[in-house]
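Student: Please read through the structure below; I'll follow up with questions.
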Amino acid sequence: MNSFKVKLHNVFAKKGKEKTDYITADGQTHALKIAIAGNQNSGKTTLFNALTGAVQYIGNWPGVTIEKKEGKLKSNKDVTVTDLPGIYSLSPYSPEEKVSRNYLIEEDIDAILNIVDSTNLERSLYLTTQLIEIGIPLVVCLNLTDVIKKQGHVIDTQKLSERLGVPVVCISALKGTGLKEAVDTVLAEARKKGANLFHHPDALPTDLYLQEHSGDSLFLTDELNEKVRAIEVYLKTLPIDYLHSHFFAVKLLERDGLTFDRLNLPADIKQKITALIEEIEKKYDDSGDGVVISARYTFIEALKKEVVKEAPKKVSTTEKIDRVLTHKIFALPIFIVVMFAVYYVSVTTVGTIANDFVNEGIFGSDWGLPKVISDGLTAINTADWLQSLIVDGIVAGVGAVLGFLPQMLILFFFLAILEGCGYMSRIAFILDKIFRKFGLSGKSFIPILIGTGCGVPGIMASRTVENDADRRMTIMTTTFIPCSAKLPVIALFAGAIFNNAWWVAVSVYFMGIAVILLSGLLLKKLKPFKSAQAPYITELPSYRFPSVKNVALSIWERISSFVKKAGTIILLATIFVWFTSSFGVEDGKFGMVEDAENSMLAAIGNVIKYLFYPLGFADWRSSVATVTGLIAKENIAGTLAILFNFAEEESGTWGALAASYAPLQAYSFLVFNMLCAPCFAAIGAIRREMKSAKWFWAAIGYQTLTAYFYSFVIYRIGSVFVGGLNGLDIAFTVLAFIALALYIYVIACPPDKLIWKKIDFSKR
Amino acid sequence: MLNNFFTENLGTIIVSAVLIVAVGLIIARLIINKKKGKHACPYCPSASTCPACKGKDGGKSCCEKNEES
């Protein structure tokens, strides 16, 4: 090892810009790594954004971050900061909590910034006590101290620091106050860690560091500490990281299954440790984890009384608003009114006005893009086929999708407001009671809510559901709620067939929820989905005015991903559709066709259209549009735009489309495409989250069958009222009534009375 | 004769070339993203701010990491 190089390196660590990487004993450079850990919705991501200058999305409801995210500290690019998913304990239940725990134990972290919500000190400190036991230097950041001050409470941070044995810093992550102090403190703590890693002058020798940082837990009783010490003696004989041995010893005392699996204890040691645990359990007549939890909360309650001077209790504004919005009778009607208003304004009123401007203006035939491009291409004498490709294909197809951008902008705006103000987490709470009656829980609604933007993160958010059976059911049903990609299709049909009727978009949204609920009832009858209903405990964050930055960020993210998709996937799809619908065999020759019925696409569509005959839209164009919808749901609008020659019509009239669909057919088509298997990106997400080929195919099959059933029933039973049935139609209508009766029977019947054998997917 | 062909069809040739290049770039981008495991990222509303999807942390997207776990 070149000691001159080390000295030279560390000289620069003292002078000028402070370096925070160190050269280790074996000559490697070790850059500092800081982790931000804390409860859900405590301000971790806000702090992360403030420290790194990143612009991670922050929602005002728990469970937004489900994966860790890394960035570099703004003030010192050598330091890596990691934002972890929120956890309440280091005994994780859900997959994203496991992500946090594993990261804290396995990664070579130099210090932890523990964000503590000062408005919920008791609950937050439970995690803090466990984080301290890990043995990594820790700084407690008391967040939301401005809210505490407003409420009139006072926290003695010095006493809190003394009692916890770690530095405590007051911050407001949102306003950016106290951040410099937090960063300076955490870097100072990180430098003290492990002299076996660092040769920094401030670093302590390993044994001195461990002497200062080892010892009994402040949060357990003397008796429990004695047991923990005894367990640590056994662990010393094993090759585990000594820095974490105290943490593992406490976890073993709690009978933490993950720790037992991880350490893979030899049989004799396991027996001795188990005997120690059983002694405590017998004495206190409680499980090991119950005893430890009780000891921690006893410490925390006493600590809170010591350090917090509470102001006389007043009813907060949040509580006053919640008395109305989460009222046991009014909550659900209010939710229905709110979502109705959101979709009514976005799709029908303001949205339609904005859309008309875009469709008739920017994509219009008078002065819009199609005319400009068409005139330009004509001026440079481009071939007719190329003009057709660009104007009738690309511009018509992509334009049909982008034409609905204003409606989506308005919808995203409202969704961002609802998320930012804190109402979204109330929705999950309100619906929990209803969801339970249908075999689901309010927690399953969070992925569904996210799915209103895009199905991919919605499916991934199912990781917040702890129970395996419920998680699978959530994955299978998330995409029943219309995502933003389906909005152009809904808006197109609402405008072309239903004269911009307000009820089209609203009915599709609430049908999605209804199908999810009925799916819950149906799937719970099957063995693989049977499980005890998990309790739903959620934090209701305080109401706050959504920040302009967060709302703008949310809208920007969604709109830019939509536009990117239009310019890539949809563009390629429109070229394919144009080519296959413009070329074919006509009069015995292959080439551009006069009549689209002779095209290659028509030939394919005319084969698959029979699949959709029972659903009422056995037209090759509809069949093809449905299939292209698997690439991206917006493609349905783009494909129909090309096949029905939108480019040749007065903008926004869609006359050919309106002439081809009766209202019932159009609604049946809409229902099928809204409920069937999602786009390839979402299908890929289902495959990844299911982690099983059988479950993946079960999910896709279930979604497609559900869509087929609903579309079939709606069209066939609806036809009875519309009239004009004959021959095969009558047979299908009878079949629809039978299918509906069977469906109602299966849903309503108690599981043990079902007459057929239950399907078992549990064997993988 | 070839000169006449190019002169008469110059507009078509240029526009076609631009289109081919654009389509080629799009396809190449999609293939590169798929190889990096970012196949769903462009369509994820959080992709524009996710450091994983931007490759800042070594290029592994959250989708790819989930496949490994």
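Since every read-out is calculated from the coordinates, none of them should be taken as a lab result. Predicted model, so just to flag it, every value in this text is computed and none were measured. Here the Cβ is made from the backbone with ideal geometry for all residues, glycine too, and neighbour counts use every protein chain on show.
Student: Run lengths n ≥ 4 of DSSP H only: what is the helix-derived mean residue ellipticity at 222 nm for chain A, with -39500 (n - 2.57) per run over all residues, to the nearest 500?
Tutor: Result for chain A: -17500 deg cm²/dmol, rounded to the nearest 500.
Student: Consider all pairwise Cα distances in segment A:400-535 and report the whole-number % of them above 26 Å.
Tutor: 26
Student: Please compute the average number of Cβ atoms from other chains found within 10 Å of each residue's Cβ in peptide A:686-692.
Tutor: Other-chain Cβ atoms within 10 Å of each residue's Cβ, averaged: 2.
Student: Suppose we flag chymotrypsin sites (Phe, Trp or Tyr not before Pro) only when DSSP calls them loop and at most 15 other Cβ atoms lie within 10 Å. Which is the longest uninterrupted stretch of chain A?
Tutor: The reported range is A:368-755.
Student: Just the Cα atoms of segment A:222-309, one point each, no solvent: what log10 I(q)/I(0) does Debye give at q = 0.16, 0.17, 0.24 Å⁻¹?
Tutor: -0.64, -0.71, -1.20
Student: Could you give the size of the charge dipole of segment A:594-674 about its Cα centre, using +1 on the Cβ of each K and R and -1 on the Cβ of each D and E, expressed in debye and rounded to the nearest 20?
Tutor: 420
Student: Right, something else. Would you mind checking the pairs A:LYS98/A:LYS524; A:LYS77/A:LYS180; A:LYS313/A:LYS433; A:LYS149/A:LYS313 and listing those with alpha carbons more than 20 angstrom apart?
Tutor: Violating the 20 Å Cα-Cα cut-off are A:LYS98/A:LYS524; A:LYS313/A:LYS433.
Student: With a 10 Å Cβ neighbour count serving as the proxy for reagent exposure, in which order, fewest first, do A:MET674, A:MET511, A:MET473, A:MET592 appear?
Tutor: With the sparsest Cβ surroundings first, the list reads A:MET592, A:MET511, A:MET674, A:MET473.
Student: In addition: When only Cα pairs under 8 Å and 6 or more residues apart are kept, what is the percent relative contact order across chain A?
Tutor: Relative contact order comes out at 11 percent.
Student: Relative to the longest principal axis of the C-alpha atoms of chain A, give the angle of the C-alpha long axis of helix A:663-675, reported between 0 and 90° and rounded to the nearest 10°.
Tutor: It is inclined by approximately 30 degrees.
Student: While we're looking at this one, here's another question. How many Cβ atoms of partner chains, on average, are near each residue of A:246-254 if near means within 10 Å of its Cβ?
Tutor: Across A:246-254, the average partner-chain Cβ count within 10 Å equals 0.
Student: With +1 assigned to the C-beta of every Lys and Arg and -1 to the C-beta of every Asp and Glu, and no other charges, what is the dipole magnitude of chain A about the Cα centre in debye, to the nearest 20?
Tutor: Dipole of chain A, to the nearest 20 debye: 1260 debye.
Student: I'd like the mean, over residues of A:380-387, of how many other protein chain beta carbons sit within 10 Å of each residue's own Cβ.
Tutor: The mean count of partner-chain Cβ atoms within 10 Å per residue comes to 5.
Student: For segment A:119-161 and segment A:569-584, compute the distance between their C-alpha centroids and round to whole Å.
Tutor: Each part reduced to its Cα centre gives a spacing of 59 Å.
Student: Also: Just need log10 I(q)/I(0) for segment A:98-148 at q = 0.19, 0.22 Å⁻¹, Debye formula, equal scatterers on the alpha-carbon atoms, no solvent, rounded to two decimals.
Tutor: For the requested q values the scattering log ratios are -0.65, -0.82.
Student: While we're looking at this one, here's another question. Out of segment A:68-160, which trypsin sites (Lys or Arg not before Pro) are coil in DSSP terms and have no more than 16 other C-beta atoms within 10 Å?
Tutor: Loop-located and lightly packed - A:LYS74.
Student: What trypsin sites (Lys or Arg not before Pro) does segment A:630-735 have in DSSP loop regions with at most 15 other beta carbons within 10 Å?
Tutor: Those that pass, being in a loop and sparsely packed, are A:LYS691.
Student: Same structure again: Taking Cα atoms of chain A, Rg/Rh with Kirkwood Rh, to two decimals?
Tutor: Here the Rg-to-Rh quotient is 1.04.
Student: For helix A:503-523, report the angle its Cα long axis makes with the longest principal axis of the Cα atoms of chain A; keep it between 0 and 90° and round to the nearest 10°.
Tutor: Orientation of helix A:503-523: about 60 degrees from the principal axis.
Student: Say R0 is 45 Å: what FRET efficiency, to the nearest 0.05, do B:ASN9 and A:ILE604 get from their beta-carbon distance?
Tutor: 0.90
Student: Using only Cα atoms and rounding to the nearest 10 degrees, what angle (0 to 90) does helix A:487-496 make with the longest principal axis of chain A?
Tutor: 30
Student: Do any GluC sites (Glu not before Pro) in segment A:519-601 lie in a DSSP loop with no more than 15 other beta carbon atoms within 10 Å, and if so, which?
Tutor: A:GLU594
Student: What pairs in A:LYS236/A:LYS282; A:LYS159/A:LYS270; A:LYS175/A:LYS320 have C-alpha atoms more than 32 Å from each other?
Tutor: Among A:LYS236/A:LYS282; A:LYS159/A:LYS270; A:LYS175/A:LYS320, the Cα-Cα distance tops 32 Å for A:LYS159/A:LYS270.
Student: Then there's this: Considering every Cα-Cα pair within segment A:334-705, what fraction, in whole percent, is farther apart than 37 Å?
Tutor: Summing the P(r) of segment A:334-705 above 37 Å gives 22 percent of all pairs.
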